Each structure stands twice: as C-alpha cells, then as structure tokens.
Amino acid sequence: MTNHAEEMMSALNLGQVTDAQKAFDLSLKEDSDDLVFSLAEDLYAMGFVDESKQAYLQLLAKHPDEDQLKSALAELAIEEDNLEEAQDYLAQIAPNSDAYLQALLVKADLYQQEGLQESAEYALKQARQIAPEEPVVAFALAEFYFSTGEYNKAIALYRSLLLMGQRRIAKVDVAARIGTAYAAVGNIDNAIAYFEQIKPIDMTVDNKFQLGFLYYQKGETAEAVELLEEVLDIDPHYTSVYPILGQAQEKANEKEAALKTYQAGLSYDQTNVVLFRLTANLAFQMGDDKLAEDSYKKALALDDADVVTIAAMADFYLAKHDYDQTIEMITDANKRDLFDPKFNWDLARAYHAKEEDEKAASYWQQAAEDYPEDTDFLHDLADWYHETGNRDEEAATLKKALAINPDNFELSERLAELEDVFF
C-alpha cells in the first residue's frame, strides 16, 4: 500500500518543499482515506492550513455525513477568521453525533472569537457534562477560565488534571499554568511551589523568568538573581528580565551590579522607560547626578506623561535644592491633568524652602488629605508646623504619627519635650 502521506511529512522535515508538494498531490489521489485524514491533522498541527483544508474537503466530498470532518473544517475556518463558515459547519452536527463533543469545544472557541464569553462557557460546561473524565475537556474549560481571569476556577480544573496524571496537554505544562494562576491571585508561596515542580530540563525560559520574578516578589533575592541571570545567559534579548534583575540586585545591596544590569538592558532596548527611570533613581543614590538627570530626561522624552518618572525627577530636583525646577515640573504636569499624590507634598516643601509660606500652607493641607497615615509625611508636616510656630498643630500631628507607630522613639521624645515647654 502506498503511503505518500509519510513521504510528504519526511520531505517537509527535510525542507524539501517541491517533493513535499508532489507527495501531497499523490496522497490525495492514491492514499487511503485514513492516511489522508491523519495527514490533514498533521498538516494543521504544523500550520499548513490550506493543505489541511484541501485534504479535509476532499474527504468530506466522499463522506458528506462524517461530522468529524465538519468539526475539523470549522476549526480551520476559525483559524482563517471565516466565522460564518465555521458556524455553518457546526450547525450541521447534531447533539447525538459522535463528533458533538469535539464540536462543542470548537463552538466554544468560535464564541470566544466573537466575544460571546457566556456562550463559550456554556458550550464548555455542556462538554464537561458529556465527558466529565475527559482531560481535553477539563483543560479547555480551565484555559477558558484562565483567559477570562477567573483564576480560582481555573486552578481547580488544572489540579484535577494533575490528579488524572495529566501533566502536559497541548504543549502546556499544567503545573506552570497553576503557578501562573496562583501568582495572578497573589498567592506567591503556592505559585512558587508549582513552578518548582517543573524539572529543570523541562523549564522554559518563560518559566525561569516567572519563577525568578516570584522569588523577587517574595524577597528571596539570591534565588531571584541566580535564576534571572540564567535567563539572560540563554537569551540576552529577553528585556523584561533586566528591570527585575536590577531591582533584585539593589535589594541585595549590589548597586554597581544593578546599574550595569540596567545599562545592559538599555543596550538592547532604548525605548524602555522603566529601565531609564531605574537607572536614574540608582544613579542619583550613587551620587552620579549627571547620569541621573540625563536618564530621567530620556525617560520623559519617550513618554512625557509618565507620572512615576515625573514624580521621581521632581524628587531629584527637590533633593538638589532646585526648587524652581521642582515647581515647574509639577505645575506643568498638573496643567496636563497628570497627578500623583507626591506632587502636593513636593510643592509644599519647595514653596516652604522658597519662603512662600502661604502657597506652602495650601499644598500641605492638600497633601495631608492624600497621606493621612503616612508617618514620613506626618514627620515633615510636624516640622512645617514647628518652623511656622504652630505648636498646637505640631503636637496634634506628632500624636497622630505616634498612634500609627507608637514605637517611634524620636517622635515620642520630641512630643514629650514639646509638651514640657509649651503645655
């Protein structure tokens, strides 16, 4: 018996396109229907949609009542964004058909393409009722919930797959999916536990990055640095790594290494606002004011509406006693309806430093509404009241700060001295 289908696959694997086409034509003419069907499945899996469709259509012409072919063609139609054609094929498959289960899965995909999430969920639940122990169905429903952000529902289904002994489906590592879902709901410990179940040989670069990021979030900086450096060893163009690795190195007090990491990232991506801002912040801490200012400016040149960078640069100018620049930056941002709570605090300090106390008072009042329980702010506010001679408000502010942090010895001592002298 001829097996041109196998010849075609061999030719494709060798990159022999002309020979593959010849074998494909012969397969459609001479191979058995079973071989042609298997070839159509293999071609679709490899991304040869047109050839797969041609094979399925030939089979459907010979077997017009074969619903499995209609389901496969519907799936191809969705791939080609021919949604009406997909609907037509699916409408021909009755609930009592052997292919109805697969048709429900394809129908759910179609509904998702059309934005009909409730209909998609209903189709998948129907499939689950028909085949409650079928891993592919449980996986499809889990993926649906994962894609719609219903992570707890997804986790329950993914875990059921692990209990069935299904670790990998459709090239997806189920443990990694569970880890990602747990991370999404903020359960870092469980997320790490599932990622750590993946064998090193099976761990993708993305898995390494996710686990490294989780270690960073948990504060396990040594583990984070080690894993993220491994990612860059594999793929230095993986630019999402650089900001996280650098911040992990900063937490480990490896500032020189962190600065090199940020700059290495910028060598691959000069459009990364976050990397420029992190470079600027760290350069400022390390006393390199020129690099800090240049980096802030480059970040804002890329995105002049990035409030985080504006606030950071305003802080930089305030620390350098360049109060006019601080005021100018924040005033311009406010005119463009850009706001950060820190703006009022910085303006209060800047105007006070310029001895424009009437303006400063207004901004202290606004900032107090934004930071009612921030002890650093309350400390600054108490200083303001002290310097302007308002002892009652100074005492009230110190008491408020101590109610939040009663163990602050400095503030306790300051309040005691204030009460001894003035009350």
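State, as an integer percentage, the relative contact order of the chain based on alpha-carbon contacts under 8 Å between residues 6 or more apart.
On the way: 476 pairs, mean separation 18.2, N = 423.
Rounded, it is 4 percent for the chain.
Let me know the Kirkwood hydrodynamic radius for the stretch 1-101, please, with Cα pairs as the basis and the value in Å to one decimal. Each step should come with its number before you reach the end.
Details: mean 1/r = 0.0715 Å⁻¹.
Value: 14.0 Å, from the Cα pair sum.
Can you give me the relative contact order of the stretch 213-354 as a percent, contacts being Cα pairs under 8 Å and 6 or more apart?
Values: 152 pairs, mean separation 18.9, N = 142.
Once normalised by length, the contact order is 13 percent.
From the backbone phi of the stretch 411-419, what are the Karplus-calculated ³J(HN,Hα) couplings (6.51 cos²θ - 1.76 cosθ + 1.60, θ = phi - 60°) in whole Hz, Gly and Pro given as x?
So the Karplus estimates, Gly and Pro as x, are 5, 4, 5, 5, 5, 4, 4, 5, 5 Hz.
Taking H placed 1.01 Å from N in the peptide plane, check which residues at least 5 places from Ile169 or on another chain put their amide H under 5 Å from its amide H.
Val174
So what does log10 I(q)/I(0) come out to for the stretch 83-234 at q = 0.12, 0.15, 0.17, 0.19 Å⁻¹, using the Debye formula with one equal point on every Cα and no solvent?
-0.59, -0.81, -0.95, -1.08
At a 10 Å Cβ-Cβ cut-off, how would you order Glu133, Glu80, Glu75, Glu66, fewest neighbours first? Please report the intermediate quantities before stating the final value.
Details: Glu133 9, Glu80 12, Glu75 22, Glu66 18.
The fewest-first ordering by Cβ neighbours comes to Glu133, Glu80, Glu66, Glu75.
So what is the relative contact order of the stretch 194-255, in percent, for Cα pairs below 8 Å that sit 6 or more residues apart? Kindly include the intermediate steps, with their values, before the conclusion.
On the way: 49 pairs, mean separation 18.0, N = 62.
That works out to 29 percent.
Once the piece of chain linking Lys260 and Leu83 is laid out straight, how much longer is it, given 0.36 nm per residue of separation minus the C-alpha distance between them?
Values: separation 177, 0.36 × 177 = 63.72 nm, distance 5.03 nm.
Additional length available on full extension: 58.7 nm.
Convert each backbone phi in the stretch 141-157 into a coupling constant with the Karplus relation 6.51 cos²θ - 1.76 cosθ + 1.60 (shift: θ = phi - 60°), then list the ³J(HN,Hα) values in order as whole Hz, x for Gly and Pro.
Each residue of the stretch 141-157 in turn: 5, 4, 5, 4, 5, 4, 6, 9, x, 8, 5, 5, 5, 4, 4, 4, 6 Hz.
Is the C-alpha gyration tensor of the stretch 237-288 telling us rounded, prolate or oblate? Criteria: a/c under 1.5 is rounded; beyond that, a/b larger than b/c is prolate, otherwise oblate. Working shown, then result.
Details: a/c = 2.09, a/b = 1.36, b/c = 1.53.
Taking the square roots of the gyration eigenvalues as a ≥ b ≥ c, the stretch 237-288 is oblate.
How much length would be gained if the chain were fully extended between Val273 and Asp235, taking 0.36 nm per residue of separation minus their Cα-Cα distance, in nm to one decimal?
Working: separation 38, 0.36 × 38 = 13.68 nm, distance 2.09 nm.
Taking 0.36 nm per residue and subtracting the Cα distance, the gain is 11.6 nm.
Would you list which lysines come within 16 Å of Lys298, measuring only between C-alpha atoms, while excluding same-chain residues fewer than 8 positions from it?
Lys290
Nearest 10 degrees, 0 to 90: what angle lies between the long axis of helix 241-251 and the longest principal axis of the chain (Cα atoms)?
Approximately 40 degrees, to the nearest ten.
Going by how many other Cβ atoms sit within 10 Å of their own, how do Val174, Val49 line up, fewest first? Walk me through the numbers before you get to the answer.
Values: Val174 23, Val49 15.
The fewest-first ordering by Cβ neighbours comes to Val49, Val174.
Rounded, prolate or oblate: which fits the stretch 63-136 when a ≥ b ≥ c are the square roots of the eigenvalues of the alpha-carbon gyration tensor, with rounded for a/c under 1.5 and prolate only if a/b beats b/c?
Working: a/c = 1.95, a/b = 1.07, b/c = 1.82.
Note, shape of the stretch 63-136 comes out oblate.
How would you rank 58-65, 254-261, highest first, on the average number of other Cβ atoms within 10 Å across their residues?
On the way: 58-65: 13.2, 254-261: 18.1.
Taking the mean over residues of other Cβ atoms within 10 Å, the ranking is 254-261, 58-65.
What pairs from Lys218/Lys251; Lys62/Lys107; Lys335/Lys359; Lys208/Lys297 go past 21 Å between their alpha carbons?
Details: Lys218/Lys251 12 Å; Lys62/Lys107 24 Å; Lys335/Lys359 17 Å; Lys208/Lys297 33 Å.
From the list (Lys218/Lys251; Lys62/Lys107; Lys335/Lys359; Lys208/Lys297), the Cα-Cα distance tops 21 Å for Lys62/Lys107; Lys208/Lys297.
Working from Cα positions, state the angle (0 to 90°, nearest 10) between the long axis of helix 307-319 and the longest principal axis of the chain.
The two axes meet at around 30 degrees.
Applying the Karplus parametrisation 6.51 cos²θ - 1.76 cosθ + 1.60 with θ = phi - 60° to the phi angles of the stretch 182-189, what ³J(HN,Hα) value in whole Hz is obtained for each residue in order, glycine and proline being reported as x?
4, 4, 5, 9, x, 8, 5, 4
Does the stretch 6-48 classify as rounded, prolate or oblate by the C-alpha gyration tensor (a ≥ b ≥ c root eigenvalues; a/c under 1.5 gives rounded; else a/b over b/c gives prolate, otherwise oblate)?
On the way: a/c = 2.17, a/b = 1.23, b/c = 1.77.
Cα axes put the stretch 6-48 in the oblate bin.
What number, in nm² with one decimal, is the all-direction average of the projected area of the convex hull of the alpha-carbon atoms of the chain? Please report the intermediate quantities before stating the final value.
Numbers: hull surface 116.8 nm².
Computed as one quarter of the Cα hull surface, the answer is 29.2 nm².
Which order results if Ile93, Ile169, Ile404 are arranged by neighbouring Cβ count within 10 Å, fewest first?
Values: Ile93 22, Ile169 18, Ile404 13.
In increasing order of surrounding Cβ atoms, one gets Ile404, Ile169, Ile93.
To the nearest 0.05, what FRET efficiency results for Asp376 and Asp337 with a Förster distance of 25 Å applied to their C-beta separation?
On the way: r = 27 Å, r/R0 = 1.07.
Calculated value: 0.40.
Would you kindly calculate the translational diffusion coefficient of the stretch 177-307, applying Stokes-Einstein with the Kirkwood radius from alpha carbon pairs, for 37 °C and a viscosity of 0.692 mPa s, and quote it in µm² s⁻¹ without decimals? Kindly include the intermediate steps, with their values, before the conclusion.
Working: Rh = 15.4 Å.
Stokes-Einstein gives a translational diffusion coefficient of 213 µm²/s.
Taking amide H positions as placed 1.01 Å from N in the peptide plane, with prolines and chain starts having none, which residues 5 or more places from Ser97, or on another chain, fall under 5 Å of its amide H?
none
Any read-out appearing in this document is the output of simple, stated calculations on the displayed coordinates, not a laboratory observation. Not measured: the values here are computed from a predicted model. Here the Cβ is made from the backbone with ideal geometry for all residues, glycine too, and neighbour counts use every protein chain on show.
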